[in-house]
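Any read-out appearing in this document is the output of simple, stated calculations on the displayed coordinates, not a laboratory observation. What you see is a predicted model; the values in this text were computed from it and never measured. Quick reminder, even Gly has a Cβ in these numbers, built from the backbone with ideal geometry, and neighbours come from all protein chains shown.
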């Protein structure tokens, strides 16, 4: 007989049509949905239940240890009543009532009434094309009124899993009524599981003391001494992965899921030191801009103010499919709207490339459009630029509203993953996040030059202002 634990009981009593579950590890969520869906197809005619696993090894375990185990351990009279499967393959059971349950690593054609996706955050991070197929294919194959469940530990602040969780949390906080196609959010932190305790005294240093106090004051989470001891010992083994594997809060679950991320330690400090906040524009200070003229016509402009040793990201703009004149117009619009007084406009070295349509360098075109005080960076290695950014990351402050894409982009800026070898390559993954990171990399280079050159005029083309 299956006896649900505390987490599984909460899920059972709160079930919706579409359910999404960010969680700590090993809480039995996939087991719960596997048993629930198996029960549904045993006693319903012509129904299909599917479970999508993120790895071949997990696909085997789910089918063997959950589906086949449940079938093999049914009481003999109940098995006789249901009838032996007409199909009993490695990953699928088809019963005489016409119902089917399968475990797969990819989508399946045809209508599914019950669909569970395991470790979807991992799939979104490592295999985005597969995540696209799951969303467009598998989830769309579940018609309204049927059930979808998604569970995962976190894997970064991007992708479908993060987006689905964010929207579900927003609807929950706003108290909006859910449609049958909206995800209901269930978050299960580590401290909800009564197993996560340890006897014996463990020294609590200042860092852990402040962390536990923050949980208590900011979130009302009061931990026992046994829970604190378990957490300290576990974190010394898991280190930064503790936040994604065993989160205490939902925000923390997505905060430091940073495998392969270049700025994982720096962004962890940004969050812990509350350097993402509403930033008021200081009308007495210049606004500098930092550009990335990216591949595929994706361009980024960052707007900063340097005040008291802080580098404050106060605004940003990005787009594609537009010419340079469009971006010059954006600067004018922001100047008129917010009163920005521009200082230096900073560009990567390829601003000197000639445009095929006009025959003149892009820097010259910008000058003709009225852009002044242009400063141009040097061509250098990506790794050198990343190191330079790390050296000044402690100066960074981000406007919470206007620069959300930037700090999320820096959080998710990571190495390219080699699917065949199952490891990260020693080069950045080229995506939207890399464009944001390239703009900041230019800042890292020219801010260093600014510090090294006391006159501050390295690379300046003109002294008048736009």
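What to note about this one:
- Distance from the range 100-135 to the range 289-339 (C-alpha centre basis), Å: 38 Å
- Counting every other Cβ atom within 10 Å of each residue's Cβ, 17, 81, 262, 413 order from fewest to most as 81, 17, 262, 413.
- Sequence of 21, 197 once ranked by neighbouring C-beta atoms within 10 Å, starting from the fewest: 197, 21
- From its DSSP helices (H runs of at least four residues, each -39,500 (n - 2.57)), the chain gives a residue-normalised ellipticity at 222 nm of -11000 deg cm²/dmol.
- With the simple model of a label 7 Å out from the Cα in the direction of the Cβ, residue 329 to residue 225 spans 6.9 nm.
- Rg [Å, one decimal], Dmax [Å, integer] - the range 136-216, C-alpha atoms: 18.1, 53
- Multiplying the residue separation of residue 9 and residue 277 by 0.36 nm and subtracting their alpha-carbon distance yields 92.7 nm.
- Between 0 and 90°, nearest 10: helix 432-452 axis offset from the chain longest Cα axis: 40 degrees
- Antiparallel DSSP beta bridges within the chain, as percent of all bridges there, nearest 5: 45 percent
- Take each peptide in 384-397, 265-278, count the other Cβ atoms within 10 Å of every residue, and average; sorted highest first, the result is 384-397, 265-278.
- Helix 324-338 axis versus longest C-alpha principal axis of the chain: approximately 90°, rounded to the nearest ten.
- Here the residues 431, 426, 88, 193, ranked from fewest to most Cβ neighbours within 10 Å of their Cβ, fall in the order 426, 88, 431, 193.
- Value of relative contact order over the chain, rounded to a whole percent, pairs C-alpha under 8 Å and six or more apart: 14 percent
- Degrees between helix 29-42 axis and first principal axis of the chain (Cα, 0 to 90, nearest 10): 50 degrees
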